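Worksheet for the structure shown next.
The values are calculated or read from the model by the stated rules, or taken from the named source; none is laboratory data. Bear in mind the structure is a predicted one, so any value in this text is a computation, not a measurement. Using ideal geometry, Cβ is built from the backbone for each residue, glycine included, and neighbour counts are taken over all protein chains shown. We work out accessible area using only protein heavy atoms, side chains counted, and drop any ligands, DNA or RNA first. Shrake-Rupley method; radii C 1.70, N 1.55, O 1.52, S 1.80 Å.
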Amino acid sequence: MYTSMPATPPDGRSRVVLVESHKRTIGLLVDAVRRVVQLAQSAMQSPPEESRSAEVRGLHVGKGRETQLLDLTAVLTLRE
């Protein structure tokens, strides 16, 4: 699996984030994690027209922070 983002070498901020996709749990090596939140589906809203993309599935704004919910199918591609 890969994204269109360029690879960067892991460092002290790098983390492995476990996600469930298509009934499988996979680990994603990410550059950094600022925070982890649990949000109810009802708390998510559609992103505004000007910031819509195939990768962003939903948006939550609370406590002055914006959190984007990514669509893993759109973000990740299986490479055979």
Fill in the blank from the handout: (1) open to solvent by 100 Å² or more (accessible area, probe 1.4 Å); (2) part of a strand (DSSP E or B) all hold for PRO6 apart from (2)
Exercise for the section: Would you check which residues across region 45-80 are open to solvent by less than 50 Å² (accessible area, probe 1.4 Å), β-branched (Val, Ile, Thr) and touching a residue at least 60 places away in the same chain (Cβ under 8 Å) and list them? Expected result: VAL75
Handout entry: Of the criteria (1) part of a strand (DSSP E or B); (2) over 12 Å from the mean Cα position of the chain (by Cα); (3) among the hydroxyl-bearing types (Ser, Thr, Tyr), which one SER42 fails
Key = (1)
Exercise for the section: Would you point out the residue of region 45-75, among those that are of a type in the set (Ser, Thr, Tyr) and assigned to a loop (DSSP other than H, G, I, E, B), that is modelled with the highest pLDDT? Expected result: SER46
Problem - Enumeration of residues in region 29-44 that are surrounded by 11 or more Cβ atoms within 10 Å (Cβ to Cβ) and either touching a residue at least 40 places away in the same chain (Cβ under 8 Å) or of a type in the set (D, E, K, R) (or both) - result: ASP31
